[in-house]
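I have placed the structure first, in the form of structure tokens, so that the comments after it can refer back to it.
Readers should treat all values here as calculations from the given coordinates under stated rules, not as data from a laboratory. No experiment lies behind these values; they were computed from the predicted model shown. No Cβ is skipped: glycine too gets one built from the backbone with ideal geometry, and neighbour counts run over all protein chains shown.
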Amino acid sequence: MTAASISPPTDLADCSATALLRLYRSRQASPVEATRAVLARIERLNPILNAYCHLAPDEALAAARASETRWQRGVPHGELDGVPVSIKDLILVKGWPTRRGSRTVDPDQPWDVDAPAAARLREAGAVILGKTTTPEFGCKGETNSPLTGITRNPWNRARTAGGSSGGTAAAVAAGMGPLSVGTDGAGSVRIPAAFCGNFGLKPSFGRVPAHPLSPFGSVAHLGPHTMSVADAALMMNVLKKPDARDWTSLPFDPSDYTIGLNDGIRGLRTAYSPTLGYAKVDPEIAAAVDAAVADLIALGAHVEPVDPGFENPLEITTGLWFAGAWTIWNSLDAAQQAVADPDLRAEAMLGERLSSLEVQRLHLRRGALGSQMRQFMQHWDLLVTPAVAVPAFEARPAGHTPVTAEALLGWTPFSFPFNLTQQPACTIPCGLTRDGLPIGLQFVGPMFGDALVLRAARAYEAVRPIARPDLSALVRS
């Protein structure tokens with residue numbers, strides 16, 4: 001399709017970033033028009049979904065007008081010039097408070113630094129709309145906090161959006177900005193993307209630089225939420241640019257992730273593990289993922305049922321996670337601890353029980369798992385699993401359930417193993433439950449195989465396009 005043949009959409013808020021850039025190029029739409037459409041969507045839906053915790057409409061419109069001028073002159077500033085984006089409120093953005101979902105953070109302080117992701121988006125000309133909600137310090141897989149309340153699912157406002165990037169996922173799924181940046185320490189990009197029906201990528205650890213580094217350690221990744229794989233590839237081209245502040249970041253990868261995106265998966269050696277050998281999976285999710293794997297076979301992938309052969313690493317993940325929570329807890333004074341999320345407090349108290357020897361043994365077990373998966377992936381191009389074992393559950397307030405390892409992450413057994421191993425992994429929608437809730441399919445690649453994971457997801461998307469929820473029903477409910 002040529003740029004001249006593109007039909008302007010009914011509502012620019014429903015456009016992908018890729019489509020918006022084509023419309024800007026052909027002068028069938030402008031960054032100001034797109035930003036106004038997205039801001040109108042936010043005004044209508046954010047009171048229902050609670051996806052944004054900080055919004056800067058005047059700044060966004062000023063950035064959109066500057067972008068529009070550049071497009072009119074034929075000199076766009078960067079790869080995302082004029083595209084509206086949002087950023088999770090764990091990530092520093094210059095001039096705005098980063099509350100991290102916590103009443104313990106004083107908003108009245110200098111906010112004079114862009115984190116690498118924010119800096120790269122700004123350099124690429126993106127229109128930054130605001131900050132999206134997170135549980136306190138990203139400490140759980142659902143988005144609720146004493147500071148910002150409950151973030152809700154665009155497919156059913158009574159259900160959770162997931163977490164900890166729940167605001168990011170809900171915003172993208174509802175058309176409140178086509179692009180958003182989330183973080184993933186145990187599934188925090190992929191869980192909400194699966195629950196909210198959008199595409200979410202956890203890149204290889206270090207592929208997207210971070211600053212400051214997460215107190216939860218080297219399980220924490222940054223990645224895109226989008227409504228198309230092409231948008232994620234485009235966004236990754238921006239986010240993966242280097243930043244010397246992150247000493248753990250990988251050497252710069254100059255390749256263009258949009259090139260080869262449509263090369264398909266014919267002949268790729270694909271291991272299909274419906275349970276990883278230990279997970280209990282909702283029957284509707286299991287059936288939908290089986291059907292998706294049949295699509296992969298029809299697309300030419302060489303698929304075999306194979307489990308990677310490791311035991312459930314829940315104890316490793318939650319042990320290290322609780323140690324991280326204990327670290328955060330000890331950075332707070334007594335007054336801050338008194339207003340903290342009870343779930344963070346509970347996690348910290350579990351972390352307090354761990355000895356240094358126990359933590360070191362957890363690190364050694366993690367290393368053995370990472371080595372095992374590096375060896376496993378020598379024989380396979382891809383590993384395919386469900387994204388989450390259950391559909392989106394009831395939206396609940398902070399402190400609703402006693403914190404245990406099983407309660408915290410037992411329902412998402414497919415996400416946290418690949419934070420431990422640091423491999424790239426993504427989720428893409430592969431159907432709906434009888435209750436109309438999204439189901440996610442996960443692609444896991446070899447370490448550094450980010451482009452391959454995107455390519456596999458794009459092949460599946462070509463036969464099963466991503467759909468938005470019925471937003472009119474959301475408003476009526």
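Assorted remarks:
- 3J(HN,Hα) along region 123-134: 5, 7, x, 5, 9, 8, 7, x, 10, 9, 5, 8 Hz, from the Karplus curve 6.51 cos²θ - 1.76 cosθ + 1.60 with θ = phi - 60°, whole Hz, x for Gly and Pro.
- 16 Å cut-off, amide nitrogen to a point 7 angstrom out along A291 Cα→Cβ, residues in region 361-395: 386-387, 391
- Modelled this way, with points 7 Å down the Cα-to-C-beta line, the labels at E406 and D11 are 4.3 nm from one another.
- Listed values for region 226-238 are Karplus-derived 3J(HN,Hα) couplings in whole Hz (6.51 cos²θ - 1.76 cosθ + 1.60, θ = phi - 60°), namely 8, 9, 8, 5, 4, 5, 5, 5, 4, 5, 5, 4, 7, and x replaces Gly and Pro.
- Listed by chain and number, the aspartates and glutamates whose C-alpha is less than 16 Å from the C-alpha of K88, apart from same-chain residues fewer than 8 away, are D114, E136, E142, D184.
- Residues in region 383-407 that a label on R434 would reach, taking backbone N under 15 Å of a point 7 Å out along Cα→Cβ: 391
- By average C-beta atoms within 10 angstrom, highest first, the peptides 405-417, 141-153: 141-153, 405-417
- Positive-pole candidate from A124, A287, W111, dipole of region 26-476, charges at beta carbon: A124
- Dipole moment magnitude, nearest 20 debye, the chain about Cα centre, only Lys, Arg, Asp, Glu C-beta charged: 580
- Each peptide in 261-268, 456-463, 80-87 receives the mean, over its residues, of other Cβ atoms within 10 Å, and ordering these scores from highest gives 80-87, 456-463, 261-268.
- Over the residues of the chain, the helix contribution to mean residue ellipticity at 222 nm works out to -11500 deg cm²/dmol, using -39500 (n - 2.57) for each DSSP H run of at least 4.
- Residues listed by number, region 89-131, amide nitrogen under 15 Å from R73 label point at 7 Å toward C-beta: 125
- Computed from the C-beta positions of L354 and R44 and an R0 of 60 Å, the FRET efficiency is 0.80 to the nearest 0.05.
- Out-of-range pairs (alpha-carbon distance over 32 Å; input K240/K280; K140/K240; K140/K241): K240/K280
- Within the chain, DSSP assigns beta bridges of which about 65% are antiparallel (rounded to the nearest 5).
- A full extension of the chain between R65 and D256 corresponds to an added length of 65.9 nm, given 0.36 nm per residue minus the alpha carbon distance.
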